[in-house]
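*Asks:* I have a structure here, written as structure tokens, and I will follow up with some questions on it.
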Amino acid sequence: MPTEPRPNTEFVDAASSNRREFLRNASLAGAGLAAAPWLASINSNVNAAEQNSGNLIVHTTSPLNSEPRLDVLTKSWITPVESFYVRSHAPNPKIDPAAFRLTVEGLVDKSLSISLAELNGSFAETSVVATMTCAGNRRSEHSLIKPVGGVPWQAGAIGNARWSGVRLSEVLKKVGLKEGAKHVWFEGLDEISKGGGIIPFGASIPVSKAVTDADGMPGALLTTKMNDQPLTPDHGAPLRGVVPGYVGARSVKWLGKIVVSDRPSPNHYVATAYKLVQEGTPVEWDESGPIYRFPLNSVICTPSTNSKAGSGKVAVSGYALPSGQPGTSIAKVEVSADGGRSWTAAKITSPLREHCWVLWKADVRPSSSASELIVRATDSRGDVQPEHVQWNLKGYMFNGWYHVPIGAE
């Protein structure tokens, strides 16, 4: 029977000193809604060690789970590999690229076993710029309402990269789909200790998503390059699935097997994990569907927590991400220095594309009594980033208004 994940107690202790003040301001917490998160204690006390470069916050080392500092994250629209978050559930597998073969099986007319050289030689290379974000991005803000387990991500578990490889639709066309084919399973070559055994990380997506290619935006890619360079081991070398618009958990690293099926994958990370549940009862787990598309979101990356506002204008910058719905982009980003009573429109400083974040900046003039800055985004569908979000057991999909405490001179 599923039980509530055991929280990271060191992280929870770091946040608990704020929690009473936070809940007093949140009034909605009793209804399970997350209100304005006070991030000062998270940023200073999170259970993580900085790498020597000082650019990454490392939550765990074996396996590696790390995210960049926010001021580093938004230096460019395309995120450098060294500044891209890393999410792993097991140590990197050791794979010989020369001996590697991808297998495709299941509800197909002809099974396939193909080497990297054959894959690259048989299909045209396609490149796409797309944002990848962990479903647990901003999880630490959920824990200020009620503790959750898992990696205590701040707001840096996101990045925007150029992915190059072959369209999954072309591979599926080559093997042929049988009647009843509804889902595509992905299986990694990593080895995760789970339930007394060893399992790979797995995911699945609907066949309809896999074969729906728009101009410049494939439904899914089997990638061998990131930012025009070969994938690194931390990012899934030699082969990674990339599913634009979906949370990162569906973009399986070290991809070794594809199975076409009439149902979603039974892998733990589809059937049990990466679902939105509140109580964690067996019925709730079974009735909840897998998370697919990422949510509308925005974050302030500079200034940092408790920066001095002074008496003049404050330069504010960050990122905003449209929802993963097809054809959706960011329409507007707004910043408030008075608790949301008034808003200043930000200037978007990067391209506007579906499944991609934008970078933005704004100048605001906080009053002498201002205690925080807030950001919210609106997308091209007219959807507005919610002020509050519902708490969930696994700490996924946090996208409430982002708050940065500031101090007076």
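*Asks:* For the chain, calculate the relative contact order in percent as a whole number, restricting contacts to Cα pairs under 8 Å that are 6 or more residues apart. Let's see the in-between values first.
*Replies:* Details: 1039 pairs, mean separation 72.8, N = 409.
Relative CO of the chain lands at 18 percent.
*Asks:* Now for a different question. On a full-extension model of 0.36 nm per residue, what is the gain between residue 384 and residue 124, subtracting their alpha-carbon distance, rounded to one decimal in nm? Numbers along the way, then the final one.
*Replies:* On the way: separation 260, 0.36 × 260 = 93.60 nm, distance 3.85 nm.
In short, 89.7 nm is gained.
*Asks:* At R0 = 45 Å, how high is the FRET efficiency between residue 117 and residue 344 if r is their beta carbon distance? Nearest 0.05 is fine. Could the numbers behind the result be given before it?
*Replies:* Working: r = 54 Å, r/R0 = 1.19.
Once rounded, the FRET efficiency stands at 0.25.
*Asks:* Output the 0 to 90 degree angle, nearest 10, between the alpha-carbon long axis of helix 9-26 and the longest principal axis computed from the alpha carbons of the chain.
*Replies:* That helix lies at roughly 50 degrees to the long axis.
*Asks:* In addition: Given (i) 244; (ii) 321; (iii) 140, which label gives volume of the Cα convex hull per residue in Å³ as computed from the coordinates?
*Replies:* Among (i) 244; (ii) 321; (iii) 140, the one derived from this structure is (iii).
*Asks:* In whole Hz and in residue order, list the ³J(HN,Hα) couplings for the stretch 264-277 that follow from phi through the Karplus curve 6.51 cos²θ - 1.76 cosθ + 1.60, θ = phi - 60°; x for Gly and Pro.
*Replies:* For the stretch 264-277, the Karplus curve yields x, 4, x, 4, 3, 7, 10, 6, 10, 7, 6, 10, 9, 9 Hz.
*Asks:* Over the chain, with the other protein chains present, what is the accessible area per residue in square angstrom, probe 1.4 angstrom? Can you show the working numbers first?
*Replies:* Working: 17020 Å² over 409 residues.
Heavy-atom SASA per residue in the chain reads 42 Å².
*Asks:* In debye, nearest 20: dipole of the stretch 295-404 around its Cα centre with unit charges on the Cβ of K, R (+) and D, E (-)? Show your work: numbers first, answer last.
*Replies:* Values: 11 positive and 8 negative charges, 44 e Å.
Value, rounded to 20: 200 debye.
*Asks:* Under a plain spin-label model, where a point goes 7 Å from the Cα along Cα-to-Cβ, how far apart in nm are residue 58 and residue 105?
*Replies:* 3.8
*Asks:* Okay, moving on. Which of these, 370, 124, 161, has the largest mean-square fluctuation under a Gaussian network model of the chain (Cα springs below 10 Å)?
*Replies:* 124
*Asks:* If you don't mind, another one. Considering only protein heavy atoms and a probe of 1.4 Å, how much of the accessible area of the chain is carbon and sulfur, as a whole percent? Present the calculation step by step, with values, prior to reporting the outcome.
*Replies:* Details: 8130 of 17020 Å².
About 48 percent, which is the carbon plus sulfur part of the accessible surface.
*Asks:* Taking H as built 1.01 Å from N, whose amide H comes closer than 5 Å to the amide H of residue 56, not counting residues under 5 places away?
*Replies:* Under 5 Å from the amide H of residue 56: 51, 69.
*Asks:* Please give, to one decimal in nm, the separation of the simple spin-label points placed at residue 369 and residue 283, each 7 Å out from Cα toward the Cβ.
*Replies:* 4.9
*Asks:* Separate question: In the structure displayed, which of 94/253; 182/253; 225/275 lie more than 24 Å apart, Cα to Cα? Walk me through the intermediate numbers first.
*Replies:* Numbers: 94/253 13 Å; 182/253 22 Å; 225/275 29 Å.
In this structure, 225/275 exceed 24 Å between Cα atoms.
*Asks:* For residue 232 paired with residue 96, estimate the spin-label separation in nm (one decimal), with each label point 7 Å from Cα along the Cα-to-Cβ line.
*Replies:* Once both label points are built, they end up 2.6 nm from each other.
The values are calculated or read from the model by the stated rules, or taken from the named source; none is laboratory data. Computed from a prediction, not measured in an experiment: that's the story for all the values here. Backbone-built Cβ (ideal geometry, glycine too); neighbour counts: all protein chains shown. Note: areas computed on protein heavy atoms with side chains; ligands, DNA, RNA excluded. Shrake-Rupley method; radii C 1.70, N 1.55, O 1.52, S 1.80 Å.
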